Each structure stands twice: as C-alpha cells, then as structure tokens.
1. Just to be sure, is L94 open to solvent by less than 80 Å² (accessible area, probe 1.4 Å), part of a loop (DSSP other than H, G, I, E, B), in contact with a strand residue (DSSP E or B) (Cβ under 9 Å, 6 or more places away or on another chain) and at pLDDT 95 or above?
2. Check the range 74-82 and report whether any residue there is closer than 29 Å to K45 by Cβ, of a type in the set (S, T, Y) and touching a strand residue (DSSP E or B) at 6+ places or on another chain (Cβ under 8 Å).
3. Scan (1) in contact (Cβ under 8 Å) with a residue 12 or more places away in the chain; (2) over 29 Å from P6 (Cβ atoms); (3) charged (D, E, K, R) for the single condition E153 breaks and write down its number.
Amino acid sequence: MLFLLPGALELAGEQLPASYVYAVATAVDHRGQGLAAELTRQSAKQAQQDGQAALCLLPADAGLYEYYGKLGFRTAFARQARSFARETAEIPYLKTNLVWDAAQVQLQRAQRWGAQGFFAWGAPMLEYMRQEQRFTGGRVRCAEGGYVFYSVENRLLTAEECCAAPEVTEWLLQKSLSISGCSRGEAYFAAASPISAEPGGMLLPLDDRAERFLAATQGRAYLGLTLE
C-alpha cells in the first residue's frame, strides 16, 4: 500500500501542488519482489497526470535514502537537531493554552519558512495532524506567535515541530519542559545551511517547476511536520 497526502511546495508566496508519500508498506511474505518500487513509480505517474509538481517523503531510516534515490528521489530538505535542557532562570510569562486555529497555523508556517522554501500543509491536514498527535499521547501547545508539537517518552521531550520567532521558540520549549515535567528535550529545526545539517526529506520532481524549486532552495528547504 501507499498513500499520497495533499500538500504543496511553497517558496516566496508561490505554491506548487505536491503530494507527500505516506505509509508505504508491503506484506512480509511478498517483500523483495519490487512491489513497493513499482507502486511508487505508478503513483508518480498518476500524480504527474493530475498536475502535481513533485512527490515528497521523509525516509523512515537512513538506509532508505539510497533506496528512494534509485527511484529518482533527491535529498531536497534539511534539518538540524538540537538538544536543550531545562533552565533554572525565570523565563518570561508565556500563555500556551491559546485555542488551536489550523488556518492560523498554516499562515504561521508560511511566514516562518516561506523565504527558504518548505512543504506546506493545508488547514484540513494540519487539523488531522493535531488530532493524531493527541490520539497518540502527544501534545500541541499554542502561544501568541507560534506553536509546538511535542511528545514525551522516558522523561525526554521531543519537539516534532516548533514554529515561532527565535526568542519565542526558546520560551515555548522551556514552558513545554516545565509543563511536562521533563528536564531535557530534543527538537528539529529548519537548517540554515545544508552543510551543517542532516538530510530532512526527499523530493521526486515530476516537471520543470519542481526542478526550479530544487535549484532555488539548494537542498535547504524545510519539510518539518509529517505523519509517521
């Protein structure tokens, strides 16, 4: 099986229709026959016929980058992981229980990463992601000017995405640590330069629009929040 979730490649206010490749799986007794590869090729063909500019995905592990590379995908997104600890210094008061607004979050993502290029989710998909995050035990906290998706396991907070201005980001992460009772956390951020970053996703261009996106973003576009 393979699912294509609707989204877009966005750069400087321009959006290109694109799909995110999700939940690729083959029954155990049918693996090794090239079924997933053929399904991916057929999905790309259908997406191209539907006017999509690209397929995007985040490989489940590092070894799959080579697998998808053989199918034509290129590393197009970058991210940087950072560890942080709970600080003893008092942080400014930050209200983090504001009402979730998927349309507002969609706008915040565009404002934060639109200049460097990113994979944009529509409001319905962002709302679905919020519901899935809560269903699986994670949390979503909204503050003025930003939000954070995070989960906690073994007293380690992992921020899947934090979208806010730099100074608000630090306060939001510290507030999340405090509320969750964790003393340390890890977060993924958009990469300022692909040289100092790790691969953060791949893209299969289906036409010249995607090729231009790749040329303009130079491997440092942001994929960010995805369904796992």
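The values are calculated or read from the model by the stated rules, or taken from the named source; none is laboratory data. Values in this document were obtained by computation on a predicted structure and should not be read as measured data. Quick reminder, even Gly has a Cβ in these numbers, built from the backbone with ideal geometry, and neighbours come from all protein chains shown. These accessible areas exclude ligands, DNA and RNA; they are computed on the full protein's heavy atoms, side chains included. Shrake-Rupley method; radii C 1.70, N 1.55, O 1.52, S 1.80 Å.
1. Details: open to solvent by less than 80 Å² (accessible area, probe 1.4 Å): yes; part of a loop (DSSP other than H, G, I, E, B): yes; in contact with a strand residue (DSSP E or B) (Cβ under 9 Å, 6 or more places away or on another chain): yes; at pLDDT 95 or above: no.
The answer is no for L94.
2. Scanning the range 74-82 turns up at least one residue that is closer than 29 Å to K45 by Cβ, of a type in the set (S, T, Y) and touching a strand residue (DSSP E or B) at 6+ places or on another chain (Cβ under 8 Å).
3. Going through the list (1) in contact (Cβ under 8 Å) with a residue 12 or more places away in the chain; (2) over 29 Å from P6 (Cβ atoms); (3) charged (D, E, K, R), E153 breaks only (1).
Listed here are the residues, each with its yes/no results for (1) open to solvent by 60 Å² or more (accessible area, probe 1.4 Å); (2) in contact (Cβ under 8 Å) with a residue 60 or more places away in the chain; (3) more than 22 Å from A192 (Cβ to Cβ).
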site: T26; (1), (2), (3): no, no, yes
site: E38; (1), (2), (3): yes, no, yes
site: G69; (1), (2), (3): no, yes, yes
site: Q133; (1), (2), (3): no, no, yes
